[in-house]
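Below: the structure, in structure tokens.
The values are calculated or read from the model by the stated rules, or taken from the named source; none is laboratory data. None of the values given here were measured: they were computed from a predicted structure. Positions of Cβ are backbone-derived with ideal geometry, glycine not excepted, and every protein chain shown enters the neighbour counts.
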Amino acid sequence: MIAPPKPHSPLSLVEIAVIAAIVVIWGVNNAAAKVMTEHWPPLFTAAARFAVAAACLVPFVRPPFPSWKSLLVIVIVGGPIHYGLIYLAFALAEDVSTVAVATQMWIPFTSLFAFLLLGERMRWPAMAGMLVAFLGVAWMTLDPHALGDWLAIAVGAAGSGCWALATVFARRAAAIPPLKMQGLLACVALPALALASAVTETGQWQAVKASTPLVWACLFWAGVVSSVAATTLMLWLVQRRETGRVTPYLLATPLVSILIGWFMGDTLTAQILTGAGLAIVGVALVSLAERGLRAGASTQT
């Protein structure tokens, strides 16, 4: 068995490659979400993603289930509510880039909720980063072009807030392996989102019949590559390194989404890019200031 590296030793080439793979997978997944929601209703899209993920992850859902009350909040808020809002945001948006940036707000939201709900001390760099992040999102949203996506940005930010709330509750629960957590999320999210889609949406079967190979590829990417492969890579990584050591690197994810969005026809004005840059810098400041956070990066996206 290979011993894990010393905590403060430089990242190995393999670890750097794994971080890059996760960033690319999650960055592409944002674009995949946009493609799917252009063809399928958003809640149905989320349900389909978790149908695929559940088929892969159910074997990992085994007792024990510690702190089940907190766990129930985690899987409901972090499952159907979070993902329902995220896919709704991409369905409402004209562009991928702005929503991808808004979804990164879960990191400052986590710090804020930990301060409000758990009484954790908030360091001044984290407070400064939070202010910069929110100002960046606001500046990006006020761009004349992005302003048309203000509702999508708001819904995406609300979804990221739900993930932050789930992350805060996760701190009070015993550690749960990421694949087991993803399996629990899938088992709860699938029926909840399927029911919500059946009640509020129409045309699902017609949309499925009209689906192109690209849509099915995006579904595979979301359900298998993102939910299973990236989570497995993240699990391997955080078993070797502290979460706070690797989380800041994952902030490159929206940069991948912005680049892909540009190729998909996103309008990227100077104001949008400036606001996005400020938001990412602010989030990075919070992440670096809160290296001790057990952030939900290992089960995100």
> Which fully enclosed helices (runs of 4 or more DSSP H) of segment 30-94 have 3 or more residues being of a type in the set (G, A, S), touching a Gly at 6+ places or on another chain (Cβ under 8 Å) and on the phi < 0 side of the Ramachandran plot?
Replying inline: 42-57
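Conditions (1) closer than 29 Å to A51 by Cβ; (2) crowded, with 20+ Cβ neighbours inside 10 Å; (3) free of Cβ contacts under 8 Å to residues at least 12 places away in the same chain, marked per residue:
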residue: T212; (1), (2), (3): yes, no, no
residue: W216; (1), (2), (3): yes, no, yes
residue: W221; (1), (2), (3): yes, yes, no
residue: V224; (1), (2), (3): yes, no, no
residue: A229; (1), (2), (3): yes, no, no
residue: V238; (1), (2), (3): yes, no, no
residue: P248; (1), (2), (3): no, no, no
residue: A252; (1), (2), (3): no, no, no
residue: S257; (1), (2), (3): yes, yes, no
>> Every residue in segment 165-210 that is β-branched (V, I, T) and either crowded, with 21+ Cβ neighbours inside 10 Å or over 20 Å from W40 (Cβ atoms) (or both), please.
In response: T167, V168, I176, V188
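Do we find that S9 is modelled with pLDDT under 85, in contact with a Phe, Trp or Tyr (Cβ under 9 Å, 6 or more places away or on another chain), farther than 20 Å from A229 by Cα and surrounded by fewer than 24 Cβ atoms within 10 Å (Cβ to Cβ) in this structure?
No, not satisfied.
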> Out of the residues in segment 103-125 that are crowded, with 17+ Cβ neighbours inside 10 Å and closer than 19 Å to G277 by Cβ, which is modelled with the lowest pLDDT?
Replying inline: I107
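To keep it simple, each residue is scored yes or no on (1) without any contact (Cβ under 8 Å) to a residue 60 or more places away in the chain; (2) closer than 24 Å to A146 by Cβ; (3) of a type outside the set (K, R).
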| position | (1), (2), (3) |
| --- | --- |
| V75 | no, no, yes |
| P80 | no, no, yes |
| I86 | no, yes, yes |
| F90 | no, yes, yes |
| D95 | no, yes, yes |
| V99 | no, yes, yes |
| T103 | no, yes, yes |
| F109 | yes, yes, yes |
| E120 | yes, no, yes |
>> Condition first: within 16 Å of the chain's Cα centre (by Cα) and either among the small types (G, A, S) or surrounded by fewer than 24 Cβ atoms within 10 Å (Cβ to Cβ) (or both). Now tell me which residues in segment 92-102 satisfy that.
In response: S97, A100, A102
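Just wondering, is there one or more residues in segment 132-142 that are of a type outside the set (F, W, Y), more than 17 Å from the chain's Cα centre (by Cα), at pLDDT 85 or above and not in a helix (DSSP H, G or I)?
Yes, the conditions are met somewhere in segment 132-142.
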> Is it true that some residue in segment 57-66 is modelled with pLDDT under 95, more than 15 Å from the chain's Cα centre (by Cα) and crowded, with 18+ Cβ neighbours inside 10 Å?
Replying inline: yes
> How many residues are β-branched (V, I, T) and farther than 18 Å from P80 by Cα if we restrict to segment 18-64?
Replying inline: 8
> When you scan segment 52-98, how many residues do you find that are more than 21 Å from A276 (Cβ to Cβ) and in contact with an Asp or Glu (Cβ under 7 Å, 6 or more places away or on another chain)?
Replying inline: 0
> Within segment 70-90, is even one residue more than 13 Å from the chain's Cα centre (by Cα) and either under 17 Å from W216 (Cα atoms) or surrounded by fewer than 14 Cβ atoms within 10 Å (Cβ to Cβ) (or both)?
Replying inline: no
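Conditions (1) part of a helix (DSSP H, G or I); (2) in contact with an Asp or Glu (Cβ under 8 Å, 6 or more places away or on another chain), marked per residue:
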position: P125; (1), (2): yes, no
position: P144; (1), (2): no, no
position: D149; (1), (2): yes, yes
position: V155; (1), (2): yes, no
position: L184; (1), (2): yes, no
